[in-house]
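Below: the structure, in structure tokens.
The values are calculated or read from the model by the stated rules, or taken from the named source; none is laboratory data. This one's a predicted model, so the numbers in the text were calculated from it and none came from an experiment. Glycine gets a Cβ as well: all are built from the backbone with ideal geometry, and neighbour counts include every protein chain shown. Only protein heavy atoms, including side chains, enter the accessible area calculation; ligands, DNA and RNA are left aside. Shrake-Rupley method; radii C 1.70, N 1.55, O 1.52, S 1.80 Å.
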Amino acid sequence: MNGPDVHTPLPGPQGAAILDKLAPLLYPGLHADLGPFVIRRKDGSWIEDVDGNVFLDLISGMASVPLGAANARIMDAAVEALRTTGLEDAHFYPHEYMLPLVEQLLAVVPEGLTRVDIALNGTEAVETMIRFARRATGRPIVIGFMGGYHGEAGTAGAVGAETSDLSAGYRALMPGFVHVPYPNPYRTPFEARPGGSGDGTVDFIRDHLLFHAVDPAEVAAIVIEPVLGSGGCVAPPPAFWTALTALCEEFGLLLAVDEVKSGFGRSGAMFAVERWGVRPDLMALGKAMGGGVLPIGAVLGTETAMGFDDLSTGSTWSWFPASCAAALETLAVFRDEPVLENVRALEAVGAEALAGLGDRFPAVGDGRAVGCFQAIELVTDRATKQRDATRQRDLAERLARRGILADSSTTSLNLQPSLLLPVQTLGMAYAVIDEELSAMDATP
């Protein structure tokens, strides 16, 4: 696969036939969300569909495939472990991959995290992380952020608040969660007050939420994505982290970070909190942890947050041997190859390209690049910042027809390339984006 090559309508005839046959068999909500083609194979950052169309993948399995699809090193390690051991429930019988993975994780995570619990995926890790927070503090309430995504079921869905429809039907059944706007520099409704914490969002939490609505003595934790993933590739301003950690220390709140999407290099640091020198009490991992080959998740915590033995956790197939082997090889790739250096180079390419798009196109309200979290926020008017969802979807469809796959998410067009993508390939993609924005402007 040498470049984008789309030679049929989307979907092509073979893909359309498969999607048509799936329609009466799948849950309708699932079928409605399926993309406009059917994958045949993936290689690195390229996807080929059943009709022979080739796409540049800037979605990366919603950031679950960090080092290119079917990375040979990780595949070989996982297949060998699968052949040797098959499946096993690591909550009952440990296997020889567990100890090295625990040791290597603890060696690379922020200082202070000394305990590990195992999970099958990121959603489960978030659920378990919240249970640890409540058990460690004896407090029921958890503060989350509007715009955050942590999963779509139960506790993880309740602490998230990307869009209201994601928790429709069970939000009222999951008490104990309150939400404040994410510290989005482009859209925050808050300004830091004189004499306050130094950050407007934290001022709101302290001056209003914890004064009028919630007794801080009942708050177990603040749960946050260090970089909003699906919600728009947004990083808080540095002052937020200084103010937030001080708030947590003052009231004895645990800082619980969801690094399911931002962990393992996507931010340009191994873990996103390292960009700001933040030391969390709890951390949830998933997605990229398995190198894009097999699912695996984890919860890490301090002795205060996880140093007890009376909370039952677990699920079948968490940390089965092949997943652990994949995670170990993923860590080895980070040690052996200049992955983070490449991410920072991709961030520079994206930042320059996005600045150019903002200069040229009034519909580009904001462009953001935080490592390989990159996004274009389209608006109907720069003054009002009214989102232009129609133009965003149109742009995503135009790009797909050009062989460039980007995620039209709830607030922005998100680009989440492989961390190993050549910088010139990302530059090519931004050139296509420029062309399609120009074409949209020229269309009556």
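Going residue by residue through segment 378-390, is there one that turns out to be crowded, with 19+ Cβ neighbours inside 10 Å and part of a helix (DSSP H, G or I)?
No: segment 378-390 contains no residue that is crowded, with 19+ Cβ neighbours inside 10 Å and part of a helix (DSSP H, G or I).
Take R393 and tell me if it is basic (K, R), at pLDDT 95 or above and farther than 29 Å from D281 by Cα.
yes
Just the residues that are under 28 Å from T313 (Cβ atoms) and touching a Gly at 6+ places or on another chain (Cβ under 7 Å), please, taken from segment 69-99. Step through it out loud before you land on a result.
Looking only at segment 69-99, we keep the residues that are under 28 Å from T313 (Cβ atoms), and these are 74, 77-78, 81-82, 84-99.
I74, H91, listed by residue number.
Looking at segment 252-272, which of its residues are open to solvent by less than 10 Å² (accessible area, probe 1.4 Å), under 26 Å from T137 (Cβ atoms) and either in a loop (DSSP other than H, G, I, E, B) or free of Cβ contacts under 8 Å to residues at least 40 places away in the same chain (or both)?
L253, L255, V257, E259, S262, G263, F271
Report yes if some residue within segment 401-424 is within 26 Å of E337 (Cβ to Cβ) and in contact with a Lys or Arg (Cβ under 6 Å, 6 or more places away or on another chain); otherwise report no.
No, because not a single residue in segment 401-424 is within 26 Å of E337 (Cβ to Cβ) and in contact with a Lys or Arg (Cβ under 6 Å, 6 or more places away or on another chain).
Name every residue in segment 280-297 that is within 15 Å of the chain's Cα centre (by Cα) and open to solvent by less than 10 Å² (accessible area, probe 1.4 Å), in order of residue number.
Hits for segment 280-297 are M283, A284, L285, G286, A288, M289, G290, G291, I296, G297.
Which of the residues spanning segment 225-243 are assigned to a loop (DSSP other than H, G, I, E, B), in contact (Cβ under 8 Å) with a residue 60 or more places away in the chain and either under 22 Å from R139 (Cα atoms) or open to solvent by less than 20 Å² (accessible area, probe 1.4 Å) (or both)?
Within segment 225-243, E225, V227, G229, G231, G232, C233 qualify.
Can you spot a residue in segment 326-345 that is open to solvent by less than 30 Å² (accessible area, probe 1.4 Å), outside any helix (DSSP H, G or I) and either over 15 Å from S64 (Cβ atoms) or free of Cβ contacts under 8 Å to residues at least 60 places away in the same chain (or both)?
No, the conditions are met nowhere in segment 326-345.
Right, A246: aliphatic (A, V, I, L, M), touching a Gly at 6+ places or on another chain (Cβ under 8 Å), open to solvent by 40 Å² or more (accessible area, probe 1.4 Å) and not in a loop (DSSP other than H, G, I, E, B) or not?
Values: aliphatic (A, V, I, L, M): yes; touching a Gly at 6+ places or on another chain (Cβ under 8 Å): no; open to solvent by 40 Å² or more (accessible area, probe 1.4 Å): yes; not in a loop (DSSP other than H, G, I, E, B): yes.
Spelling it out, it is not the case that A246 is aliphatic (A, V, I, L, M), touching a Gly at 6+ places or on another chain (Cβ under 8 Å), open to solvent by 40 Å² or more (accessible area, probe 1.4 Å) and not in a loop (DSSP other than H, G, I, E, B).
Within the set of pairs 6 or more residues apart or between chains, which connect a residue that is within 30 Å of G427 (Cβ to Cβ) inside segment 3-30 to a residue that is aromatic (F, W, Y) and modelled with pLDDT of 95 or more with Cβ atoms less than 8 Å apart?
P4/F55; V6/F55; L10/F37; P11/F37; G12/F37; G15/F37
If I go through segment 72-82 residue by residue, how many of them are within 21 Å of C372 (Cβ to Cβ) and buried (at least 23 other Cβ atoms within 10 Å of the Cβ)?
The qualifying residues number 1.
How many residues, within segment 1-47, are closer than 12 Å to G403 by Cβ and under 29 Å from the mean Cα position of the chain (by Cα)?
Qualifying residue count, segment 1-47: 11.
If you take the residues in segment 357-377 that are open to solvent by 30 Å² or more (accessible area, probe 1.4 Å) and either touching a helix residue (DSSP H, G or I) at 6+ places or on another chain (Cβ under 9 Å) or not in a helix (DSSP H, G or I) (or both), which one is farthest from L426 (Cα to Cα)?
My answer is P362.
Just the residues that are of a type in the set (V, I, T), surrounded by 22 or more Cβ atoms within 10 Å (Cβ to Cβ) and at pLDDT 95 or above, please, taken from segment 396-440. It would help to see each step written out before you state the result.
The initial filter retains those residues of segment 396-440 that are of a type in the set (V, I, T), namely 404, 410-411, 423, 425, 432-433.
Checking which are surrounded by 22 or more Cβ atoms within 10 Å (Cβ to Cβ) leaves us with 404, 411, 433.
Within segment 396-440, I404, I433 meet the criteria.
Among the residues of segment 56-66, is any open to solvent by less than 10 Å² (accessible area, probe 1.4 Å), in contact with a helix residue (DSSP H, G or I) (Cβ under 8 Å, 6 or more places away or on another chain), closer than 19 Å to S323 by Cβ and not hydrophobic (A, V, I, L, M, F, W, C)?
Within segment 56-66, one or more residues are open to solvent by less than 10 Å² (accessible area, probe 1.4 Å), in contact with a helix residue (DSSP H, G or I) (Cβ under 8 Å, 6 or more places away or on another chain), closer than 19 Å to S323 by Cβ and not hydrophobic (A, V, I, L, M, F, W, C).
Looking only at segment 413-444, how many residues end up being outside any strand (DSSP E or B) and within 14 Å of the chain's Cα centre (by Cα)?
4
Here is a list of conditions, (1) in contact (Cβ under 8 Å) with a residue 40 or more places away in the chain; (2) within 15 Å of L56 (Cα to Cα), and A363 meets all of them except one; can you say which number that is?
Of (1) in contact (Cβ under 8 Å) with a residue 40 or more places away in the chain; (2) within 15 Å of L56 (Cα to Cα), only one is false for A363: (2).
Working only within segment 344-386, note down all residues that are in contact with a strand residue (DSSP E or B) (Cβ under 6 Å, 6 or more places away or on another chain) and charged (D, E, K, R).
E347, D366, R368, E377, R382, K385
Hey, any hits in segment 208-224 for a residue that's in contact with a Phe, Trp or Tyr (Cβ under 7 Å, 6 or more places away or on another chain), closer than 22 Å to V109 by Cα, modelled with pLDDT of 95 or more and open to solvent by less than 20 Å² (accessible area, probe 1.4 Å)?
For segment 208-224, residues in contact with a Phe, Trp or Tyr (Cβ under 7 Å, 6 or more places away or on another chain), closer than 22 Å to V109 by Cα, modelled with pLDDT of 95 or more and open to solvent by less than 20 Å² (accessible area, probe 1.4 Å): present.
Do we have Y93 as aromatic (F, W, Y) and either surrounded by fewer than 18 Cβ atoms within 10 Å (Cβ to Cβ) or not in a loop (DSSP other than H, G, I, E, B) (or both) here?
Answer is yes for this residue.
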